[in-house]
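Okay, structure first, notes after.
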Amino acid sequence: MATYAIGDLQGCYDDLLRLLDKIKFNPHSDQLWFVGDLVNRGPKSLECLRFIKSLGPSAITVLGNHDLHLLAIAHKIKKPRKKELSLNAILHAEDCDELLHWLRYRPLLHYQEPYYLVHAGIAPQWDLETAKKMAREVEMQLQDDDRYLKLLEKMYGDTPDRWSDTLTGYKRLRYILNAFTRMRFCYENGALDFENKDPPGVQPKELIPWFDMPKRHQSSHRIIFGHWSNLGYFEKNNCYCIDTGCLWGGQLTALRLEKRVERLSLTCPLNHY
């Protein structure tokens with residue numbers, strides 16, 4: 001029995017199948033953990049959703065920003081841009097409603113000792129019990145038929161960019177979503193930056209990768225994340241980035257989660273959207 005964490009797919013279904021062949025995935029005994037962004041830009045978003053859903057308890061995925069964006073497009077809260085037209089296959093599929101219902105019931109954070117799985121990261125100010133609570137606040141709203149659409153309408157935007165226990169309403173929920181699904185760099189005062197996507201070392205000097213923030217409250221726990229393709233595969237401070245840019249002609253990575261992690265990757269063709 002093995003557990004594998006897999007990086008951002010963004011519709012790269014054929015590459016996923018090749019990776020599963022490489023790791024000899026057995027759905028009857030193994031489990032896959034996906035860091036989110038199952039869809040968008042790549043050629044086969046529909047196939048990715050159907051396949052991962054079909055695996056049942058053999059697959060766990062957290063929500064990424066592209067997954068949430070798909071939900072907003074499906075409800076006409078946002079219009080798809082030209083580079084997002086690959087999502088049309090999902091929107092026109094006969095099982096669209098079933099797939100979207102399944103997607104919105106995915107968590108923002110998954111925990112299984114000793115690993116935490118998220119899409120982008122965990123706000124440095126939160127300890128892990130707080131992170132679990134914050135994730136659940138948003139998940140309850142996403143899974144509430146009466147409040148779901150309002151959250152999708154209100155989730156876009158870069159403010160507030162600093163956490164405070166006094167945040168309430170949609171400002172609070174927006175910050176939580178941005179921390180879990182969009183974060184890369186922070187300012188020294190803890191404010192989130194959403195402009196810079198380059199790897200550490202070339203960013204403005206006042207910016208710090210979230211996993212390098214001083215006094216980060218989860219530094220003793222193992223956190224697996226994606227979202228940051230320019231960072232590529234990365235291990236530091238008990239954090240593991242596994243978005244290795246499959247969509248852009250990089251690699252698709254699986255991390256075998258044992259006492260000692262083991263990386264398995266394959267090279268991907270450039271999947272232009």
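For the chain, give the share of DSSP beta bridges that are antiparallel, in percent and rounded to the nearest 5; count only bridges with both residues there. Walk me through the numbers on the way to the answer.
Details: 21 of 35 bridges.
Here the share of antiparallel DSSP bridges comes out near 60 percent.
Listed by chain and number, the lysines whose alpha-carbon sits under 18 Å from that of K150, ignoring those within fewer than 8 places in the same chain, are K76, K78, K79, K171.
Provide W228, W163 in ascending order of the number of other Cβ atoms located within 10 Å of each residue's Cβ, fewest first.
Numbers: W228 24, W163 20.
Going from least to most buried by this count: W163, W228.
Please work out the ratio of the alpha-carbon Rg of segment 202-260 to 2.2 N^0.38 Å and round it to two decimals. Could the numbers behind the result be given before it?
Numbers: Rg = 12.8 Å, N = 59, 2.2 N^0.38 = 10.4 Å.
After normalising by residue count via 2.2 N^0.38 Å, the value is 1.24.
Among the GluC sites (Glu not before Pro) found in segment 199-273, those both in a DSSP coil and sparsely packed, with 10 or fewer other Cβ atoms within 10 Å of their Cβ, are E258. Summing charges over neighbours of N189, with a neighbour being any other residue whose Cβ is under 12 Å away from its Cβ, gives -3 when K and R count +1 and D and E count -1.
For the chain, the mean residue ellipticity at 222 nm estimated from helices alone is -8500 deg cm²/dmol, where every DSSP H run of n ≥ 4 contributes -39500 (n - 2.57) and the total is divided by all residues, rounded to the nearest 500.
What separates the Cα centres of segment 214-273 and segment 122-139 is a distance of 21 Å.
Give me the mean projected area, in nm² to one decimal, of the convex hull enclosing the Cα positions of segment 1-65. Each step should come with its number before you reach the end.
Numbers: hull surface 15.5 nm².
So the Cα hull casts an average projection of 3.9 nm².
Pairs from the list K205/K236; K24/K82; K22/K44 with a Cα-Cα gap above 27 Å: K24/K82.
Counting Lys and Arg as +1 and Asp and Glu as -1 over every other residue whose Cβ lies under 11 Å from the Cβ of A59, the net charge comes to +1.
Which is the longest run of the chain containing none of the trypsin sites (Lys or Arg not before Pro) found in DSSP loop states (not H, G, I, E, B) with at most 14 other C-beta atoms within 10 Å?
82-146
Measuring spread by the Cα atoms of segment 57-115 yields a radius of gyration and Dmax of 13.3, 41 Å.
What's the local net charge at M134, with K and R +1, D and E -1, over the other residues with C-beta under 14 Å away? Don't jump to the answer; show the numbers that get you there.
Details: positive: K132, K133, R136, K171, R172, R174; negative: D127, E129, E137, E139, D165.
Value of the local net charge: +1.
Taken together, the values in this text are just the output of simple stated rules run on the coordinates, not laboratory data. All values reported here derive from a predicted model rather than from experimental measurement. Methodologically, a virtual Cβ is constructed for each residue, glycine included, from the backbone with ideal geometry; neighbour enumeration extends over all protein chains shown.
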